[in-house]
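Accompanying notes for the structure given below.
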Amino acid sequence: MAADAGRRFRISLTWDERGTTRTFSEVLDDPEKKIAIGKRGDFIVKGTNVDDKHCLIRLDSKGSYYVMDNGSETGTFFSNDDGKSFVDIGNATVSRNDRKRQGKTLQDNNIIRIGDQDIRVQQVVELTILMPNRQLLLQVINPDGSEEPKFLMQFRTLTIGRKSTENPKDTKEFLAVKDAEKKVSREHCKVYLERKHRIEDVSTLGTFVKRGPVAHDQIFSAEGWVQVAKRERSDLNVGDIIRLADAVYIRVMDPTENAKPPAPPTNFRLADRTTTTLRLEWSPPPMDGSSMEIKAYRLMRIVGEKSEPCWGGNATSWEVQDLEPNTEYTFHVLAHNDLGFSEPSEPLRVRTAAAAIDTDDTASQLTVVRE
């Protein structure tokens, strides 16, 4: 099964090499094209136990990026939880077909480990639908009227289904909704970004649409619902409400009118320091009615008139290493959601600890004068 015709993606990767943050960005639109990562790959990463072409990134049959091992000696490992745990996705002892099957689809903030190097997926963007008028913003409305964080639909096709062990959280291709009664199917409906947006039911208990605009107090009323045809694409418009069975309600919105990049992180502070390290912490930015989920943060070091990236990820702390003793450094931090980066936080000026004086060495240099 070939990848969807005409789909183009850009993937951005970042990693630390000897204290320097390096980045790599590549556009991929050909299923036959492979990006080799290693000491002599298209994407050069140097490190201990890193092969010349250690692993490959390519398009899968659905048109999404995935990573697979390329027959490396020490193996390729993958984490989708910010490095808390890794799974082995293959090495030289595994057949190519098995290594391909064990490959993992890449999402923002995934980590690929080869040798002693951790490579973070900074962002995966589908270039074919970057125009704002072809994107949709979806928001689950709970039965008590409260609202879940907004979800920006960035890929051409989105499956909406029940949160489960198989799909425990949202990805760019799957919106996982909570349903304790399990009325929502594991794969309930599909939404398509087209010149005229469409929705298709693939569920057991049905998908329904109420044409918008819909006042908040009318979302849960029984009137006005139209059942979506099964296995056929029906129109979907900004302002409509989607109902999954009789359990989950989702508002369809225009991202250019209903969301914005986040505010800067707050409470940026020094948590700990040594002579060569600084541990910095910050708090997430305040959320309001137009806020979307924070996907990542970027820590920047200010050098003169320029800012240099130190780290990017979804944690709210980071230890900057390989610094000089008793030296002042300046940093700021930015938050990122699906619509872009925030303004920088207020600059934080901090100093590493001074090196301890070696009293034995000092004493050996003293000259005793006797009268």
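Provide the gained length on full extension for the span N237 to D16, in nm with one decimal, where the gain is 0.36 nm per separating residue minus the Cα-Cα distance. It would help to have the intermediate numbers written out before the result.
Numbers: separation 221, 0.36 × 221 = 79.56 nm, distance 4.40 nm.
Taking N237 through D16 to full extension adds about 75.2 nm, to one decimal.
Protein chains only, probe 1.4 Å: how do E147, E305, E194 rank by accessible area, largest first? If you can, show how the numbers build up before the last one.
Values: E147 95, E305 180, E194 50 Å².
These residues rank, largest area first, as E305, E147, E194.
Could you quote the convex hull projected area for the chain, Cα atoms only and averaged over all directions, in nm²? The partial results should precede the final answer.
Numbers: hull surface 101.6 nm².
Taking a quarter of the hull surface, the average projection is 25.4 nm².
For q values of 0.26 Å⁻¹, compute log₁₀ I(q)/I(0) with the Debye formula on a Cα-only model of the range 196-247, without solvent.
Normalising to I(0) and taking log10 leaves -1.04.
Based only on Cα atoms, what Rg/Rh ratio does the range 201-309 have, Rh being taken as Kirkwood's radius? Numbers along the way, then the final one.
Values: Rg = 22.3 Å, Rh = 18.2 Å.
Over the Cα atoms of the range 201-309, Rg/Rh equals 1.23.
Given Cβ point charges of +1 (Lys, Arg) and -1 (Asp, Glu) and nothing else, what value in debye, to the nearest 20, does the dipole of the range 217-363 about its Cα centre take? The partial results should precede the final answer.
Working: 15 positive and 24 negative charges, 67 e Å.
With only Lys, Arg, Asp and Glu charged at Cβ, the dipole is about 320 debye.
So what does D322 come to for accessible area, using a 1.4 Å probe and Å² rounded to 10?
My reading of the accessible area for D322 is about 120 Å².
Given the pairs K39/K172; K34/K196; K46/K260; K84/K104, which are separated by over 28 angstrom at their Cα positions?
On the way: K39/K172 30 Å; K34/K196 33 Å; K46/K260 38 Å; K84/K104 17 Å.
Those over the limit are K39/K172; K34/K196; K46/K260.
The values are calculated or read from the model by the stated rules, or taken from the named source; none is laboratory data. What you are looking at is a predicted structure, and each value in this text was computed from that prediction instead of being measured. Neighbour counts run over all protein chains shown; Cβ positions are idealised from the backbone, glycine included. For the accessible areas, the whole protein counts, side chains as well, though only heavy atoms, and no ligand, DNA or RNA atoms are used. Shrake-Rupley method; radii C 1.70, N 1.55, O 1.52, S 1.80 Å.
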